[in-house]
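Below is one structure, written out as structure tokens; comments come after it.
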Amino acid sequence: EGRGLGLSPEQLVNCILEAEPPQIYLREPINKPYTEASMMTSLTNLADQELVLMISWAKKIPGFVELTLSDQVHLLECCWLDILMLGLMWRSVDHPGKLIFSPDLRLNREEGNCVEGIMEIFDMLLATTSRFRELKLQREEYVCLKAMILLNSNNCSSLPQTPEDVESRGKVLRLLDSVTDALVWTISRTGLSSQQQSIRLAHLLMLLSHIRHLSNKGIEHLSTMKRKNVVLLYDLLLEMLDANTSQSS
Amino acid sequence: TSLKEKHKILHRLLQNSSSPVDLA
């Protein structure tokens, strides 16, 4: 019984599946040939829409809204780009060589050529996506991994100040345990031997460190694009980027 | 919670009980 949530692993997986955000589309279609400005405008337009949906999504993860507001803010600020990137990989998993940013923005690596420094990130995204393809990532595993990224992102925060903070941090750890149980339960349904299940769990979790590395690269790249005035960032995206760059500096 | 935190859009979207999509 899911460590205080009152949910079985199966029920928790179903809740997380139901929390999945809807598909998004470009607000304004992008014409070819792509330019640095047009592509960055499209990518940030999509990211901005997805961030709003990500907040709704997080609120539907069982137990998340019971955390202190400051922990909720902090968790999302730490992991938003990891979550956007994992979502991109999931959409692209059945399309080798392509990155499906949205149904109306499907790019191959060469199309990243027009944006300085983005091809290196595209290559890493494609490589991690093909690893997920090799592993035949299942939808249930994907949603558990995404929730784990959210709950595991708090490692850079300051020490808790109040009893409420201490309690909230404890809740995050218990939630993380519940989602881990849910992922273990999902893997257990694959019919693999117990040893193979452990190896699959390790393979999936090891990819999270690649995603963190990728998102750090992405934050660095977006900051450069902002500094060079290649793209005007919308309010929420700007705020999320600033939260990252001010923490790391 | 600091005043700066309270002015965050993220803070506001999290606090609002209705769907953030409506707010956006």
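Given the criteria assigned to a strand (DSSP E or B), under 26 Å from A:Met39 (Cα atoms) and under 20 Å from the mean Cα position of the chain (by Cα), does A:Phe122 qualify? So A:Phe122 does not fit the description; no. Cβ-Cβ contacts under 7 Å between residues 6 or more apart (or on different chains), taken from a first residue in segment B:1-16 that is more than 9 Å from chain A (Cβ to nearest Cβ) to a second residue that is part of a helix (DSSP H, G or I) and modelled with pLDDT under 65, are listed as B:Asn16/B:Leu23.
Given the structure, is A:Asn216 surrounded by fewer than 16 Cβ atoms within 10 Å (Cβ to Cβ), within 19 Å of A:His74 (Cα to Cα) and modelled with pLDDT of 95 or more? Criteria met by A:Asn216. For segment A:33-55, the candidate set comprises residues that are buried (at least 20 other Cβ atoms within 10 Å of the Cβ) and polar (S, T, N, Q); within that set, the residue that is nearest to the other protein chains (Cβ to nearest Cβ) is A:Gln49. A:Ala19 meets the conditions (1) within 14 Å of another protein chain (Cβ to nearest Cβ); (2) among the hydrophobic types (A, V, I, L, M, F, W, C); (3) touching a residue at least 24 places away in the same chain (Cβ under 8 Å); (4) surrounded by 20 or more Cβ atoms within 10 Å (Cβ to Cβ) in every case but one. The failed one is (4). Taking the criterion of being closer than 27 Å to A:Lys59 by Cβ and in contact with a Gly (Cβ under 9 Å, 6 or more places away or on another chain), the residues of segment A:11-47 that qualify are A:Gln11, A:Leu12, A:Pro21. Being in contact with a helix residue (DSSP H, G or I) (Cβ under 6 Å, 6 or more places away or on another chain) and on the phi > 0 side of the Ramachandran plot holds for only one residue in A:Gly97, A:Gly117, A:Gly112, and it is A:Gly117. Could you please let me know if A:Pro62 is more than 14 Å from the chain's Cα centre (by Cα) and closer than 22 Å to A:Ala182 by Cα? For A:Pro62, the condition - more than 14 Å from the chain's Cα centre (by Cα) and closer than 22 Å to A:Ala182 by Cα - is met.
The values are calculated or read from the model by the stated rules, or taken from the named source; none is laboratory data. Everything numeric here is computed off the predicted structure, so don't read it as measured data. Every residue, glycine as well, gets a Cβ built from its backbone with ideal geometry; the counts of neighbours run over all protein chains shown.
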